[in-house]
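Participant: Just passing along the structure, written as structure tokens.
The values are calculated or read from the model by the stated rules, or taken from the named source; none is laboratory data. Computed from a prediction, not measured in an experiment: that's the story for all the values here. In this analysis, Cβ positions are derived from the backbone assuming ideal geometry, glycine residues included, and neighbour counts consider all displayed protein chains. In case anyone asks, the SASA skips ligands and DNA or RNA and just uses the protein heavy atoms, side chains included. Shrake-Rupley method; radii C 1.70, N 1.55, O 1.52, S 1.80 Å.
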Amino acid sequence: MAASTGAAPVAGVVVQLSGPLLAKRAGGAIRILALKSEVENGDTLVTEKNTYAMVKFIDNSEITLRPASTFTIENFSFDTGRQEGDQARFNLVKGGLRSITGLLGRRSKEKFELKTPAATIGIRGTTFIAEYVAVPSGAAPPAPPPSGGADTRPTGLYVQVLDGMIVVANGSGRADVTAGQFGHVPAPTRPPVLVPGDPGMRFSPPPAFDAGTGAASAGAAAPSTIVDCEVR
């Protein structure tokens, strides 16, 4: 897949879509995307309340956004013949996503960065789900996570590992999360913790989204001891 000749390089293509998807350019222009629409560096993708959207990037990695998400492609660069130019910087402003590593993540794992308001995620050949629950304006500090109940979840970053193992860390502590487990980072100033059972993560794309991707369904991945992703 070649880069475009316009102002911003093409980063990927929308390959699955279940509802309205918008792309906001850095200059303020807004596009309505459809299947096979290209996404570019600098685009902020916004899914509507019932929309799942899968983007396949030029290195064959995949990002699937869940409904009511805002996700910015800050810089994505990949050339099969020029590894030194690899770069993948994303920002999950709100909502959630599933990430499946492609060629860039396999050969240049240190060049992948997914920022969220609570932590930054680095990857190494893995499949994981991340979701950020925003802090309401004027709200009190987040409480400890419950064992379940999506509607009453505390704020912060939630992660679920479908393959491999991740290390969740910030200035207040760290936690290892293996395949089939869930983790929570309440805030940048609070230590990450394991959550006993599914905390109510909302990631259920239509079946067509998983056809041919090799992605495991939520909670059904086989355990693995490989360290594949680090949240720092």
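Participant: Please find, within the stretch 46-97, the residue that is modelled with the lowest pLDDT out of those that are charged (D, E, K, R) and within 18 Å of A8 (Cβ to Cβ). Don't jump to the end; show me each part of the working.
Facilitator: The initial filter retains those residues of the stretch 46-97 that are charged (D, E, K, R), namely 48-49, 56, 59, 62, 66, 74, 79, 82, 84, 86, 89, 94.
Adding the requirement that they be within 18 Å of A8 (Cβ to Cβ) leaves 56, 59, 74, 79, 86, 89.
Numbers: K56: 97, D59: 95, E74: 96, D79: 91, D86: 94, R89: 95.
Checking each candidate, the answer is D79.
Participant: Looking only at residues that are in contact with a Phe, Trp or Tyr (Cβ under 8 Å, 6 or more places away or on another chain) and buried (at least 18 other Cβ atoms within 10 Å of the Cβ) in the stretch 192-214, which one is modelled with the lowest pLDDT?
Facilitator: Restricting attention to the stretch 192-214, the residues satisfying the condition of being in contact with a Phe, Trp or Tyr (Cβ under 8 Å, 6 or more places away or on another chain) are 194-195, 197-199, 201, 205-206, 209.
Filter once more, keeping what is buried (at least 18 other Cβ atoms within 10 Å of the Cβ): 195, 199, 201, 205, 209.
Values: V195: 90, P199: 90, M201: 84, P205: 94, F209: 90.
The extreme case among them is M201.
Participant: Does I123 satisfy the criteria of being modelled with pLDDT under 95, within 23 Å of Q160 (Cβ to Cβ), within 14 Å of the chain's Cα centre (by Cα) and not basic (K, R)?
Facilitator: Values: modelled with pLDDT under 95: yes; within 23 Å of Q160 (Cβ to Cβ): yes; within 14 Å of the chain's Cα centre (by Cα): yes; not basic (K, R): yes.
So I123 fits the description; yes.
Participant: Can you tell me how many residues in the stretch 32-56 are under 28 Å from G85 (Cα atoms) and surrounded by 14 or more Cβ atoms within 10 Å (Cβ to Cβ)?
Facilitator: 15
Participant: On to the next question. Working only within the stretch 166-191, note down all residues that are in a strand (DSSP E or B) and open to solvent by 30 Å² or more (accessible area, probe 1.4 Å). Quick ask: steps written out before the conclusion?
Facilitator: Taking the stretch 166-191 first, the residues in a strand (DSSP E or B) are 166-170, 173-178, 182-185.
Within the stretch 166-191, N170, R174, D176, T178 qualify.
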